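Have a look at the structure below before the remarks.
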Amino acid sequence: MAKVLVLYYSSYGHLETMANAVAEGARAAGATVDVKRVPETAPLEVAKAAHFKLDQAAPVATIADLEHYDAIIVGAPTRFGRLASQMASFLDQAGGLWMRGALNGKVGAAFTSTATQHGGQEVTLFSMITNLLHFGMVIVGLPYSHQGQMNMTEIVGGSPYGATTLAAGDGSRQPSEIDLAGARHQGELVAKTAAKLFS
């Protein structure tokens, strides 16, 4: 049975919702799954003034946690076309794991959200995937077996590089059922891939 970590950062709860959907998909494929978040780096008064969702249920991860999983699925929102600094700061602390090759051969994947359709989803996914490749991980995307991402009748997230959602500029849009289905599908694919590699 594969052991999967869904590791995310979420300012307003959109990525928290997506992380839980990713975890559902991985569990449905038979994996043992933990959902954890990275520490908030914004000062508390700034986070409160910006109405960040500070009461998230997931425990805060440590770098030492990472090597104990067969697969790590990383989620963070875009910040001007790249991953949010909270996730970048966390991953930047993994140099010791990189030096030891502790994540070599493990399965990695990424998911994200943006405010707008053209707000940098794929660039943000690649900014996370680049980190995972440097750690020596085997990358799983979101292939077109999730056909919801081809839907043209409504706004949908999704990319061959990972599950995505759109939050709207004011954060009012929540992940749609198609977005969540993509997240679940990616979680399932990661779990199945890890099970094949580590069985």
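Would you check if there is a residue in segment 71-88 being modelled with pLDDT of 95 or more and charged (D, E, K, R)?
no
Mind counting the residues in segment 128-162 that are among the hydrophobic types (A, V, I, L, M, F, W, C), under 21 Å from Leu197 (Cβ atoms) and outside any loop (DSSP other than H, G, I, E, B)? Quick ask: steps written out before the conclusion?
Step one: filter segment 128-162 for residues among the hydrophobic types (A, V, I, L, M, F, W, C), giving 128-129, 132-133, 135, 137-140, 142, 150, 152, 155-156.
Adding the requirement that they be under 21 Å from Leu197 (Cβ atoms) leaves 128-129, 132-133, 135, 137-140, 142.
Within this subset, residues satisfying the condition of being outside any loop (DSSP other than H, G, I, E, B) are 128-129, 132-133, 138-139.
Number satisfying all stated conditions: 6.
If you take the residues in segment 14-42 that are within 11 Å of the chain's Cα centre (by Cα) and of a type in the set (S, T, N, Q), which one is nearest to Gln121 (Cα to Cα)?
Checking each candidate, the answer is Thr17.
Looking at Gly105, Gly119, can you tell me which residue is on the phi > 0 side of the Ramachandran plot and either part of a helix (DSSP H, G or I) or in contact (Cβ under 8 Å) with a residue 12 or more places away in the chain (or both)? Don't jump to the end; show me each part of the working.
Details: Gly119 fails: on the phi > 0 side of the Ramachandran plot.
Residue meeting the stated conditions: Gly105.
Under the condition of being under 14 Å from Phe111 (Cα atoms) and not aromatic (Phe, Trp, Tyr), which residue from segment 1-12 is surrounded by the most Cβ atoms within 10 Å (Cβ to Cβ)? Give the derivation first.
At the first step, the residues of segment 1-12 found to be under 14 Å from Phe111 (Cα atoms) are 5-10.
If we keep only those that are not aromatic (Phe, Trp, Tyr) as well, we get 5-7, 10.
Details: Leu5: 23, Val6: 30, Leu7: 24, Ser10: 24.
The residue in question is Val6.
For segment 104-120, give me each residue that is touching a Gly at 6+ places or on another chain (Cβ under 7 Å) and crowded, with 18+ Cβ neighbours inside 10 Å.
Ala109, Ala110, Phe111, Thr112, Thr114, Gly120
Is there a residue being over 14 Å from His14 (Cα atoms), surrounded by 13 or more Cβ atoms within 10 Å (Cβ to Cβ) and among the hydroxyl-bearing types (Ser, Thr, Tyr) anywhere in segment 51-63?
No, segment 51-63 contains no residue that is over 14 Å from His14 (Cα atoms), surrounded by 13 or more Cβ atoms within 10 Å (Cβ to Cβ) and among the hydroxyl-bearing types (Ser, Thr, Tyr).
Does segment 45-60 contain any residue that is within 22 Å of Ala191 (Cα to Cα) and among the charged types (D, E, K, R)?
no
Could you tell me which residue of segment 64-82 is surrounded by the fewest Cβ atoms within 10 Å (Cβ to Cβ), considering only residues that are within 15 Å of Leu166 (Cα to Cα) and among the hydrophobic types (A, V, I, L, M, F, W, C)?
Checked segment 64-82; the qualifying residue surrounded by the fewest Cβ atoms within 10 Å (Cβ to Cβ) is Phe80.
Please indicate, with yes or no, whether at least one residue in segment 127-147 is among the hydroxyl-bearing types (Ser, Thr, Tyr), surrounded by fewer than 20 Cβ atoms within 10 Å (Cβ to Cβ) and either under 24 Å from Ser11 (Cβ atoms) or in contact with an Asp or Glu (Cβ under 8 Å, 6 or more places away or on another chain) (or both).
Here is the first cut: in segment 127-147, the residues among the hydroxyl-bearing types (Ser, Thr, Tyr) are 127, 130, 144-145.
With surrounded by fewer than 20 Cβ atoms within 10 Å (Cβ to Cβ) added as a condition, the list becomes 130, 144-145.
Filter once more, so that each one left must be either under 24 Å from Ser11 (Cβ atoms) or in contact with an Asp or Glu (Cβ under 8 Å, 6 or more places away or on another chain) (or both): 130.
Yes, segment 127-147 has at least one match.
Go through (1) closer than 20 Å to Asp70 by Cβ; (2) modelled with pLDDT under 95; (3) of a type outside the set (S, T, N, Q) one by one and return the number of the condition Gly119 breaks.
Of everything listed in (1) closer than 20 Å to Asp70 by Cβ; (2) modelled with pLDDT under 95; (3) of a type outside the set (S, T, N, Q), Gly119 misses just condition (1).
Collect the residues in segment 13-28 that are surrounded by fewer than 23 Cβ atoms within 10 Å (Cβ to Cβ) and touching a strand residue (DSSP E or B) at 6+ places or on another chain (Cβ under 9 Å), keeping them in residue-number order.
Taking segment 13-28 and keeping what is surrounded by fewer than 23 Cβ atoms within 10 Å (Cβ to Cβ), we get 13, 16-17, 20, 24, 27-28.
Of everything in segment 13-28, those that are surrounded by fewer than 23 Cβ atoms within 10 Å (Cβ to Cβ) and touching a strand residue (DSSP E or B) at 6+ places or on another chain (Cβ under 9 Å) turn out to be Glu16, Thr17, Asn20, Glu24, Arg27.
With the requirement that a residue be out of contact with any helix residue (DSSP H, G or I) (no Cβ under 8 Å at 6 or more places or on another chain) and polar (S, T, N, Q), what does segment 128-152 give you?
Thr130, Gln147 - these are the residues of segment 128-152 that are out of contact with any helix residue (DSSP H, G or I) (no Cβ under 8 Å at 6 or more places or on another chain) and polar (S, T, N, Q).
The values are calculated or read from the model by the stated rules, or taken from the named source; none is laboratory data. Please read all numbers here as calculations on a predicted model, not as lab measurements. Glycine also receives a Cβ, built like all others from the backbone with ideal geometry; neighbour counts cover every protein chain displayed.
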